[in-house]
Structure formats: structure tokens, C-alpha cells
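**Q** I am attaching a structure below and will ask some questions about it afterwards.
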Amino acid sequence: VFDVLIVGGGPAGAAAAIYAARKGIATGVVAERFGGQVLDTLAIENFVSVQETEGPKFATALEQHVKQYEVDIMDVQRAQALIPGAVNEVRLASGAVLKAKTIVLATGARWREIGVPGEREYRNRGVAYCPHCDGPLFKGKRVAVIGGGNSGVEAAIDLAGIVREVTLIEYGESLRADEVLQRKLRSLANVTVVTRAQTTEIEGDGAKVNGLVYKDLRTGEAKRVALEGVFVQIGLVPNTEWLKGTVELSERGEIVVDAKGATSVPGVFAAGDVTTVPFKQIVIAVGEGAKAALGAFDHLIRSAPQ
Ligand code: FAD
């Protein structure tokens, strides 16, 4: 029986593992893919104290740091169900069952893809998902933002300050972002908004993105925008499908946590992109992971001995 079992091996899970293990308690990490989203990232330039690194290098550093401690790492294992109790159980896809007094859920999230030709091919070569991360790479260039909700409009405002030209592409009749954001957007001279536009393809020269093709839903006509970057902003999907009905989730499917990372189930904590904590970033996930592990430890020392 683990004292703390962490589900997820991204930045949040790794930080939780280090903080738990340093308390000298039995700690395990089960992860489908140790490293998490960082493995899909190229340059990381905003992890405070590390001026510049690369995703895979950062993921290796995470794993090496965790391995400095007595942590049972179970990689390439998917959790399928959580059964809470005095001792919680986590069922894996392999059929194995893990038991733990406390749990830290850190299964992260994934960007919702638009699913058009060119998107996957040019990922990290012009197709981006995170303006905080990749915006500066497009300094002085032309970009499109796909999605007219809050995240899309925020991204367009953010990028307008860095890049030369932003085209915001929205499928619907009008933008869905808060009015205050739309007003700000309209005040920016280098932003063009195109509504009723369905992105059909992201084009490139084999190495990098050079255009976006959309269908004008008013006329049925295909139109092309020449550009260097495309930010897809149609939502972040938390990896919580397996937790429905177990812990409280928000409308968006994120795990609801309190200031200590506690979920609605006693002894079950959560951290990182999978939670309601805003601004999905590595530095934030790491801090939240540490906090959830300390929350779990706090819970353990207050519980009756089992
Ligand atoms: P994740 O990194 O998503 O890790 C989740 C972990 O849980 C993984 O190990 C996964 O395999 C595992 N998992 C999921 N479901 C299960 C399951 N059912 N059972 C077992 N394990 C499971 N942030 C920055 O701060 N700077 C950047 O430059 C930056 N660039 C980015 C670029 C890209 C392309 C992407 C996609 C993201 C970027 N981010 C960046 C965001 C950053 O990667 C995330 O905020 C961060 O990784 C979140 O950490 P996490 O541990 O919460 O989740």
C-alpha cells in the first residue's frame, strides 16, 4: 500500500513525487507517458531559472530528479478507474490494482485539435497551441488564431503585441468571447476578424507553415491567408474521462480543487493542467504538484493509523 500514489508523470506529477518522497513516505507514480505534454514541446523559455531548454531534455531532467528518491515509477500504464475508500484503489488498463492511502491526480490535459490536413504535419513548425509559450517565436510575422472564444480572443490580443498581423478565424456568426475582450480586440489595428469561416487546411512548403485555407460559409468560396503561424485555440481537454462520477468536475471537466489541492473526495488531491487552477503552464503545474503532495502529507498525519 502506497502512502501517496500519483497518477500522471508530467511536471505536476513529478513535483508531487519529489515532495512526497522527501517526507520519507511510500510514494508511487503511475503514468501513461512519463514527461507528459513537455515531450511534445520544443523550446521552453519560461521556466523560471532555466533561460532556455527543450521539451524532451526537460522531461529527462524531471525523471532524473524523481529517480534521486525512492519512488516506484510505473511508466506506460494507464489508470482506468479510481475507487475511493479508507484505502483508495486505482485500477489500471493492464488489470492491475494499486492501493494507496492518498492519491494525487495529475493526468494533465490535451489541446483540442482542429483536425485538418497540415495540423499534425506542421505541429511545432508553425502550428502552435500556446501563445504564452510560442508567441515570441513569431515576432514580426503573420499569424492566424483559430477560435473566437475567450482563449482565442485573448491569444489574438496577446499576439497582436508581438507579431505583425493577426487574423482571427471564427466558425460561427460572431465571436463568443466576453464583450470586454472583444472591445479590446477591435481596438487593435493589426487584427482582422473573419467570421463564418471554416478552416479546411494548413499549408506549408514541407518545412514550415506558409498559409491557411478556409471556406467562407457565406459564399462557399475557398480563401487563403498567407502567414507563418497558426495558433489553434479551440479548447483544452482535461484527461478526466476516467474520473467522471468519482471526484467533482467543473463544467469543462476539470477537477475542482481547493487551495491545498484537495478534491471533493477526502484523501484525493489533484494538481496541474487537469484541475480548475487557471493558466496552464509548467511552472504553475510544478508548484501545484508540490502543493498537492504537501496537502496529501498533511492529510496522512491527521488520519488515524491504518
Ligand atoms: P501533463 O504534462 O499533461 O502530464 C500528464 C501526465 O499524466 C502524463 O504523464 C500523461 O501520460 C499522464 N496521464 C494522462 N492520463 C493518464 C491515465 N489515465 N493514466 C495514467 N497516466 C495518465 N508550458 C510552459 O510553461 N512553457 C512552454 O513553453 C510550454 N510549451 C508547450 C508546448 C506545447 C506544444 C504544449 C502541448 C504545451 C506546452 N506548455 C508549456 C504547457 C505545459 O506543457 C503544461 O502546462 C504542463 O505539461 C502541465 O503539466 P501536468 O503535469 O499538469 O500535465
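The values are calculated or read from the model by the stated rules, or taken from the named source; none is laboratory data. Predicted model only: the values in this text are computed from it and were never measured. Here Cβ is always computed from backbone atoms with ideal geometry, including for glycine, and neighbour counts include all displayed protein chains. Ligands, DNA and RNA are excluded from the accessible area calculation, which covers all protein heavy atoms including side chains. Shrake-Rupley method; radii C 1.70, N 1.55, O 1.52, S 1.80 Å.
Residues are listed down the side, and each one gets a yes or a no for (1) under 23 Å from the mean Cα position of the chain (by Cα); (2) surrounded by fewer than 19 Cβ atoms within 10 Å (Cβ to Cβ); (3) modelled with pLDDT of 95 or more:
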site	(1), (2), (3)
Gly36	yes, no, yes
Leu92	yes, yes, yes
Ala100	no, no, yes
Cys130	yes, yes, no
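**Q** Do you know which residues across region 259-285 are surrounded by fewer than 24 Cβ atoms within 10 Å (Cβ to Cβ) and either of a type in the set (Lys, Arg) or within 13 Å of the ligand (Cβ to nearest atom) (or both)?
**A** Lys260, Thr276, Val277, Pro278, Phe279, Lys280, Gln281, Val283, Ile284
**Q** Would you say Val38 is more than 10 Å from the ligand (Cβ to nearest atom) and among the β-branched types (Val, Ile, Thr)?
**A** no
**Q** Inspect all residues belonging to region 95-110 and state whether any of them is within 14 Å of the ligand (Cβ to nearest atom), among the hydrophobic types (A, V, I, L, M, F, W, C), in contact with a Lys or Arg (Cβ under 9 Å, 6 or more places away or on another chain) and over 27 Å from Ile162 (Cα atoms).
**A** yes
**Q** Now, a different point. Given the structure, is Thr60 open to solvent by less than 60 Å² (accessible area, probe 1.4 Å), free of Cβ contacts under 8 Å to residues at least 60 places away in the same chain and more than 7 Å from the ligand (Cβ to nearest atom)?
**A** no
**Q** Taking Gln80 as the residue in question, decide whether it is within 12 Å of the ligand (Cβ to nearest atom) and open to solvent by 60 Å² or more (accessible area, probe 1.4 Å).
**A** Yes.
**Q** A further question follows. Quickly run through region 172-191 and pick out the residues that are buried (at least 18 other Cβ atoms within 10 Å of the Cβ) and assigned to a loop (DSSP other than H, G, I, E, B).
**A** Leu175, Ala177
**Q** Could you check, for region 221-235, whether at least one of its residues is under 30 Å from Ala81 (Cβ atoms), surrounded by fewer than 18 Cβ atoms within 10 Å (Cβ to Cβ) and under 28 Å from the mean Cα position of the chain (by Cα)?
**A** Checked against the condition, which is being under 30 Å from Ala81 (Cβ atoms), surrounded by fewer than 18 Cβ atoms within 10 Å (Cβ to Cβ) and under 28 Å from the mean Cα position of the chain (by Cα), region 221-235 yields at least one hit.
**Q** Strands (runs of 3 or more DSSP E) wholly in region 1-101 with at least 1 residues that are within 30 Å of Asn124 (Cα to Cα) - which ones?
**A** 2-7, 27-31, 71-75, 79-83
**Q** Right, another one. Test Ala86 against the stated conditions and say whether it is more than 7 Å from the ligand (Cβ to nearest atom) and in contact (Cβ under 8 Å) with a residue 24 or more places away in the chain.
**A** Values: more than 7 Å from the ligand (Cβ to nearest atom): yes; in contact (Cβ under 8 Å) with a residue 24 or more places away in the chain: yes.
Taking the combined requirement at face value, the residue satisfies it.
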